[in-house]
1. I need the shape label for the range 29-126. Rule: rounded when a/c is under 1.5, else prolate if a/b > b/c, else oblate, with a, b, c from the alpha carbon gyration tensor.
2. Let me check against my output: what whole-number percent is the relative contact order of the range 85-187, with C-alpha pairs under 8 Å and at least 6 apart?
3. At 222 nm, what value in deg cm²/dmol follows for the chain if DSSP H runs of at least 4 each add -39500 (n - 2.57) and the sum is divided by all its residues, to the nearest 500?
4. For the chain, compute the orientation-averaged projected area of the C-alpha convex hull (one quarter of its surface), in nm².
5. What ranking of MET19, MET42 emerges when the number of other C-beta atoms within 10 Å of each C-beta is taken as an exposure proxy, fewest first?
6. Springs between alpha-carbon atoms under 10 Å, Gaussian network over the chain: tell me which of ARG132, ARG59, ARG103 tops the mean-square fluctuations.
Amino acid sequence: MSFCRPIDTHGRPIILVGMMGSGKTTVGKELSRLSGLPLLDMDSIIEEQIGKSIPEIFRDSGEAHFRALETALLRYLEESPSAPREPTVISTGGGVVLSAVNRRILRRIGFVVWLDVDADVVIERTIRSTNRPLLNTENPRAVIGNLIEKRNPLYADVCHLRIATSHMGVLDVVNVVHQAAAEFFSQSEHQSS
Ligand code: S3P
């Protein structure tokens with residue numbers, strides 16, 4: 001399967017936000033494959049830039065440093081003349097919404113989609129994960145519950161579209177995102193012309 005009509009995003013990205021385990025990377029990869037838009041995974045870019053894995057960055061420099069790297073990357077994507085200008089799918093890290101600066105940049109640069117999943121699904125998908133330093137604790141269930149409670153209002157604040165994905169397959173999510181993005185970008189084109 002592939003989408004017949006290429007989506008015209010006017011050079012702007014489709015941005016996926018949501019909790020760890022919400023499917024941002026999986027949906028991002030599939031959306032990228034079917035739409036032909038390149039995937040830009042923020043965590044992977046930061047790992048490449050720094051030459052360390054996310055757990056190593058947290059261990060060596062702390063969470064605050066990682067958050068600063070996220071903001072620096074978003075500023076680069078928004079402002080740098082050498083930043084990629086072709087339309088992309090951007091998969092973010094789950095905590096990118098913690099910063100109000102990040103939330104403002106995300107909304108300015110693209111179409112922001114919140115993949116909203118239930119705590120049970122997050123727990124099921126992340127419980128055995130070893131590459132998520134925030135869950136490397138005695139009681140990851142409680143941590144996940146707290147993170148969801150704290151972050152859901154922030155995802156709601158930043159998003160243009162919320163999709164409750166707990167009971168949806170990946171392709172269904174991809175289809176909804178694709179269709180909604182096409183509408184969003186065609187409307188914003190009319191508004192700016
Ligand atoms: C984080 C989520 C991770 C990664 C880092 C912090 C978070 O990305 O950025 O471990 O604060 O929720 P994923 O959401 O892709 O797991």
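A short reminder: the numbers here are calculations on the coordinates, not readings from a lab. Not measured: the values here are computed from a predicted model. All Cβ positions, even for glycine, are placed from backbone atoms using ideal geometry, and neighbour counts span all protein chains on display.
1. Numbers: a/c = 1.42, a/b = 1.06, b/c = 1.35.
Note, shape of the range 29-126 comes out rounded.
2. Averaging sequence separation for qualifying contacts and normalising by length gives 39 percent for the range 85-187.
3. Details: 8 runs with 106 residues, N = 193.
Estimated from H runs of four or more residues: -17500 deg cm²/dmol.
4. Values: hull surface 44.4 nm².
Average of the hull's projected areas for the chain equals 11.1 nm².
5. Details: MET19 26, MET42 19.
By the 10 Å Cβ count, ascending: MET42, MET19.
6. Judging by the Gaussian network model, the answer is ARG59.
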